[in-house]
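The values are calculated or read from the model by the stated rules, or taken from the named source; none is laboratory data. For clarity, every value in this text was computed on a predicted model and none was experimentally measured. Cβ atoms come from the backbone with ideal geometry, glycine included; neighbour counts cover every protein chain shown. Just the protein is used for accessible areas: all its heavy atoms, side chains included, with ligands, DNA and RNA removed. Shrake-Rupley method; radii C 1.70, N 1.55, O 1.52, S 1.80 Å.
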Amino acid sequence: MSKCLRICGAYSFRLTRKHSTVLLIALFIVILTVILQLYAYKHQEMPNFSAKVGDFDYIPGTFLRGKQPNENTSYCQFNYGLPKVIEWDEIQVLFPPEEGKKSSYRVIYNAIQGTAYVNNSKFNALTYATQATPEFLYHITEIARYWDGPISLAVFVPNFDMDITMQIMSHLCSCYSAMSKVSLHLFYPKRYPPKMRIPEPLYVTTDIPTTTANISMDDLLKEKIDRYRKLNNQTRAEYVQWVRKTKVERMMAKISKRVLFVPQLIFNDCAGLDLFDIPTFRRENNLDYPINVGRNIARNASQTNYFIVSDIELVPSDGLAPKFLTMVRKLMGDKKRDEGRIFSKTVFVVPLFEVERGVEIPHDKDTLVRLINENRAKYFHQKVCAHCQRFPGLQSWLIRPSPSVIEPMLIARREYPYHRWEPLYFGTQNEPWYSEQLSWEGRQDKMTQMLEMCLQEYRMVVLDGAFLCHAAASRNASRKYRAERINHRRYQTIISSLKQKYQNIPKCKIMYGC
């Protein structure tokens, strides 16, 4: 064998020496052709397809345009005195699910109690669990429009963001009957408890002696010192108390004045604001968004056997919830399903996609695939994080005929080369929590949960006939390098704990990203 290899090598060497010029020219032509093809692909003119409505920026809730709220009707069941005031005596403030008492955040469950599915058993309904900050709340209308099941929504409400949230929710609950699907939960930093708007301006006045312009500050100070020296023990104590009270009143007046600057939202109709760039307390004080705290709270509040923990900007395809329940019942059988059985260490992955600007979000697979073929849609985060949502079997998923039902396509593992995959899935309360130490600004916030599921050898069942879709969004948001450094440091700590807890599986690439 080695002799044959030596003969082939010698012959090849002699051939290249003899025809070196020809080979170099051929190689140059091939390289030049590849470069030109890549350049042409990158700068190709995309077909100028006319959008269904025209070029537009996606604004959630536009289907409610022209409809006016019913001031005497609310489709939501508010609790604890909301939406006008907070009755703290009725509230049981709890801790987030993962960190518990160690957490610096607090939770108020069921500020709004969904009523649409209270009579359904937990085996015959499916929950959409999601989270948001106030400026993204209007996206809940699009989820409620297409989701046939209860919705569990956790909202981050530090300080006056609570007031903004209640303004929006009160308006929506007077506009749209599908809001009866929504249960609202509140979470906030312990040091910034939620506050509501003060109904009337608070003006604090103190009796300060008036002085004429010809009296100097030195004379005033000397007069105050003389008056203080003439006081006896009793009157001196009263004077000190008066001074303290005056300082507190001045301080409270300043605080009250700041609270009064809560934005008063004005809605023209049920479609909401034209611009949702609301000056929230979180943004004004540069607070990081604890997205995993919200995810865990929304999931923990779910009353159904299966649920999906998704983002509020992702819109479900038609019939996603009932079709999934039908599939589970078909795979498991009526008897086991009614007994509450689940598939052990198995989750059902829903593919994620996004459309370009000027394209309406599709709700069926045929439309989605057509848009992808026209280069007007792609899998989610394809340009900004290619590995995050590129799921196993993507090309097979796209060429398979669109089924009328949801069905399993393939079973995968979150292992190399998909060890950076962050899928969204239908799961149960048995799955690991998202790490509440990681913030949204710090990135890779879902990575540790997925890594732990890999170490537990979970099966990922990729579904056909089901998807979630995101509208075109700006990718120019500034990065917060401080938050990224904090997440990176905390990520390393979490990895260390996982290495102690589980036996290493090389394909999971446990140290990747540290």
- Among helices (runs of 4 or more DSSP H) entirely inside the stretch 262-344, those with 1 or more residues being open to solvent by 20 Å² or more (accessible area, probe 1.4 Å) and without any contact (Cβ under 8 Å) to a residue 40 or more places away in the chain are 281-284, 320-332, 334-338
- Query: Considering only residues of the stretch 132-146 that are touching a Leu at 6+ places or on another chain (Cβ under 7 Å) and of a type outside the set (Ser, Thr, Tyr), which is nearest to Tyr188 (Cα to Cα)?
  - Reply: Ala132
- Note on the structure: Contact list, first residue from the stretch 384-398 and closer than 13 Å to Pro417 by Cβ, second anywhere and modelled with pLDDT of 90 or more and assigned to a helix (DSSP H, G or I), beta-carbon distance below 9 Å, six or more apart or interchain, is Phe391/Trp397
- Considering the stretch 112-156 alone, what residues qualify as being in contact with a strand residue (DSSP E or B) (Cβ under 7 Å, 6 or more places away or on another chain), surrounded by fewer than 20 Cβ atoms within 10 Å (Cβ to Cβ) and either within 27 Å of Glu436 (Cα to Cα) or without any contact (Cβ under 8 Å) to a residue 12 or more places away in the chain (or both)? Gln113
- Note on the structure: With criteria (1) open to solvent by less than 10 Å² (accessible area, probe 1.4 Å); (2) part of a loop (DSSP other than H, G, I, E, B); (3) of a type in the set (A, V, I, L, M, F, W, C); (4) under 27 Å from Gly340 (Cβ atoms), Phe391 comes up short on (4)
- Item | Residue among Tyr80, Tyr109 that alone is open to solvent by less than 70 Å² (accessible area, probe 1.4 Å), touching a His at 6+ places or on another chain (Cβ under 6 Å) and of a type outside the set (Gly, Ala, Ser) | Tyr109
- Message: Out of the residues in the stretch 79-98 meeting the condition of being in contact with a strand residue (DSSP E or B) (Cβ under 8 Å, 6 or more places away or on another chain) and in contact (Cβ under 8 Å) with a residue 40 or more places away in the chain, tell me which one is nearest to Val155 (Cα to Cα).
- Response: Pro96
- Message: Could you go through the stretch 370-381 and let me know if any residue there is out of contact with any His (no Cβ under 8 Å at 6 or more places or on another chain), exposed (fewer than 15 other Cβ atoms within 10 Å of the Cβ) and in a helix (DSSP H, G or I).
- Response: yes
- Message: Quick check on Tyr418: is it outside any strand (DSSP E or B), closer than 26 Å to Pro362 by Cβ and not small (Gly, Ala, Ser)?
- Response: yes
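For residues in the stretch 394-412 being part of a loop (DSSP other than H, G, I, E, B) and hydroxyl-bearing (Ser, Thr, Tyr), which is most open to solvent (accessible area, probe 1.4 Å)?
This residue is Ser404.
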- Message: Of everything in the stretch 77-98, what is within 23 Å of the chain's Cα centre (by Cα) and either of a type in the set (Asp, Glu) or over 27 Å from Tyr434 (Cβ atoms) (or both)? Give them in sequence order.
- Response: Glu98
- Query: How many of the residues in the stretch 376-435 are touching a Ser or Thr at 6+ places or on another chain (Cβ under 7 Å) and among the basic types (Lys, Arg)?
  - Reply: 0
- Message: Among the residues that make up the stretch 433-442, is at least one of them modelled with pLDDT under 90 and open to solvent by 40 Å² or more (accessible area, probe 1.4 Å)?
- Response: yes
